[in-house]
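Note sheet for the following structure.
Laboratory data are not the source of any read-out in this text; all were calculated from the coordinates shown. These figures come from a predicted structure and were not determined experimentally. Reconstructed Cβ throughout: ideal geometry from the backbone, glycine too, with neighbour counts over all protein chains shown.
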Amino acid sequence: MISKLIPNLRELRLVGCSLSDTNIQSLFYSPSNFSTALTILDLSSNKLTSSTFQLLSNFPSLVILDLSYNNMTSSVFQGGFNFSSKLQNLDLQNCSLTDGSFPMSSSFIMRSSSSLVSLDLSSNLLKSSTIFYWLFNSTTNLHNLLLNNNMLEGPIPDGFGKVMNSLEVLELYGNKLQGKIPSFFGNMCALQSLYLSNNKLNGEFSSFFRNSSWCNRHIFRMLRLSYNRLTGMLPKSIGLLSELEYLNLAGNSLEGDVTESHLSNFSKLKYLRLSELSLKFVPSWVPPFQLIQLGLRSCELGPTFPSWLKTQSSLYELDISDNGINDSVPDWFWNKLQNMILLNMSHNYLISAIPNISLKLPNRPSILLNSNQFEGKIPSFLLQASELMLSENNFSDLFSFLCDQGTASNLGTLDVSHNQIKRQLPDCWKSVKQLLFLDLSSNKLSGKIPMSMGALVNMEALVLRNNSLMGELPSSLKNCSSLFMLDLSENMLSGPIPSWIGESMHQLIILNMRGNHLSGNLPIHLCYLKRIQLLDLSRNNLSRGIPTCLKNWTAMSELSINSSDTLSHIYWNNNTYFEIYGLYSFGGYTLDITWMWKGVERGFKNPELELKSIDLSSNNLMGEIPKEVGYLLGLVSLNLSRNNLSGEIPSQIGNLSSLESVDLSRNHISGRIPSSLSEIDYLGKLDLSHNSLSGRIPSGRHFETFEASSFEGNIDLCGEQLNKTCPGDGDQTTAEHQEPPVKGDDSVFYEGLYMSLGIGYFTGFWGLLGPLLLWRPWRIAYIRFLNRLTDYVYVWLW
């Protein structure tokens, strides 16, 4: 039956089937069975290489061929090809193509040059201008050319203005192109859409317009030049492009103000992005267009709310963040939310309460109102959002927002951190059971964590840090088995650490319960957390010993981890992204982590994967430091200070080559400091003070740069860092004084000659470096200076 259908098959789509070259060769073992009818072939998202590409060159009836998202090799266009003379659309997006894939001698496109209309080579590995010249010599009738998101460098060749004059759509954004924007783009009379964003193009914007004829101004629809290095004034002549529907000039260095006169001719404009430019619109301005998307981030729109937005009734994306708007939001504006999918008014000075109006939001928008001065109750209509960012405001009530309404089935992210919310946590979390990210940190919440919070079975991040919550953790939280982050730090929680944290929450990467009243021992079930990277249980009342099974923490045991298990999975998982600023900007919740780092509490908005840390300080832990800590090869910071630990420092700690900070101070640790500790190259902070250590402080590498404070309070410890002589360090024996031998005249002559010859060497080279290499105090002081400078630069960059 199949054999009867194949000869009549006109369209075949085998997308995402994990097909290999062998599978395709078996399927197309006799291409003549397909040749008479097959016009559309889609093999995208498989595991095909150039072998399949060569096989498919034997299908003379193909019109559309899609091989995107495969792994083609550099030989894909080598040799001769006999593709269909009817081939119009060829899609090779994301196929790992390199410059070598397009030899100048290839005859493939030459045989179909008059038919090929659309060529997609985007998201590959192309770098040089070879691809441009290959196109000039191989195609004659291209209408659509996509080369975006490669690594193309250098200027755009002049050949575009002559050879590629049939182009209607040209996409070159997301490369490294340099030089001025060629004026010939305005002379390509078929060109309708030009995308050059996210490159390094420079020069004055006005010269681009002044030197172009813009013969296509009556058909030109889209101009996207954002995030380049364009300078100069925006010319009024841009109004000649009266048919523009999409204009994006964001993120350049244009001078002067953009006024309503620049935009007065754009009656068909639908998409406008001018972020990071200076805008000056008169309050009474009535725009001639109806926008769908508007991006005006950091445009100095304030201090009053832009009243001209009242005329825009079709907006579904609006970004007016960081504009210095110090005003209340007019009531008419909130009704516009019913059409939007994204509203970003964050980082302004918006004041007053948000009215609790009856409003349906069918598009489940992302609403970002964080970093303002909104106050009062959170209106219930906002529950219809998919993402709600309300942090750093003055909201005071959460109970009525959650509990007086029905189920909010769409809300995935709720961030109400850094507000003035008081009372107990509401006990109606079943109404928002689809939540993925919940952040209520830095409020004035009190009482116990309610049992209903266990209904948030899809939750991936729960942050209740810095409140006044008390009592034990409710057992219902074990239902939240998808958690990547659990931060309950800086509260008044009590009782033991539940064993179900390790038994149920196997996805945990971040566990922070610092600064509570937790008691009991460290349950061995915590060793089930194989993905844990940040563990902070400091400043509690934990007792007994440290489990030896910590070697099971796989993520901390690896110097590098697989990308699928990284912290970045938390940031963007299940969130929507929007192309807001000309760059891809995620609307998702960004984890805000506070961590003790090298003795200082710091915030991490985007924690690095190298931030692998264990902090069990300020508890009542006893026993020895388990030698199994030596398995945690990826560990960067270890803090076990202010406990009752005893025994010796395990020599295996020297295996931790990634360690940057170690604090074992204020315990009862005895014995010698293992010499292996001095072999750790990146160790920048060391505190072993106030223990019972003895013997000589090891030397080697940069260990001598640590100051006395790292070792003080150890009575039997000695060494240069403490300016304390060790037993057996007697005065160096000296040779008996002898009368120098009497030298002859020749000896005196040669001695003077040798001294003269050496004088340049000692003064020119050893005069500078000799003291550093030979005189220990200078060397130590110099290395200390470099170490402090490195730490200063490191902290400043963070």
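Quick notes on this structure:
- Derived scalar couplings ³J(HN,Hα) [segment 350-363; Karplus, 6.51 cos²θ - 1.76 cosθ + 1.60; whole Hz; x for Gly, Pro]: 5, 10, 6, 8, 8, x, 8, 8, 8, 8, 9, 10, x, 8
- Considering only segment 290-422, percent of DSSP beta bridges that pair antiparallel, nearest 5: 0 percent
- Overall form of segment 257-323 per C-alpha gyration tensor (a/c, 1.5; a/b vs b/c): rounded
- Residue order, fewest to most beta carbons within 10 Å, for H506, H525: H506, H525
- Set of lysines with alpha-carbon distance to K176 below 17 Å, sequence-local pairs under 8 removed: K127, K200
- Three-way shape label, segment 181-334, alpha-carbon gyration tensor, a/c 1.5: prolate
- Normalising the average separation of contacting C-alpha pairs (under 8 angstrom, six or more residues apart) by the number of residues puts the relative contact order of segment 290-422 at 17 percent.
- Within segment 244-293, the ratio Rg/Rh, alpha carbon atoms throughout and Rh by Kirkwood, equals 0.94.
- Distance histogram in 10 Å bins (all Cα pairs of segment 294-392, percent per bin): 16, 55, 29, 0
- Per-residue Cβ neighbour rank within 10 angstrom, fewest leading, H218, H690: H218, H690
- Cα gyration tensor shape for segment 606-670, rounded if a/c is under 1.5, else prolate or oblate: oblate
- Shape parameters for segment 447-522, alpha-carbon atoms, Rg then Dmax in Å: 11.3, 30
- Check: segment 290-422 dipole with +1 on Lys, Arg Cβ and -1 on Asp, Glu Cβ, in debye: 320 debye
- Other residues lying with their Cβ under 11 Å from the Cβ of I421 contribute a combined charge of +3, Lys and Arg counting +1, Asp and Glu -1.
- Neighbour counts of C-beta atoms inside 10 Å place R210, R221 in the sequence R210, R221, starting with the fewest.
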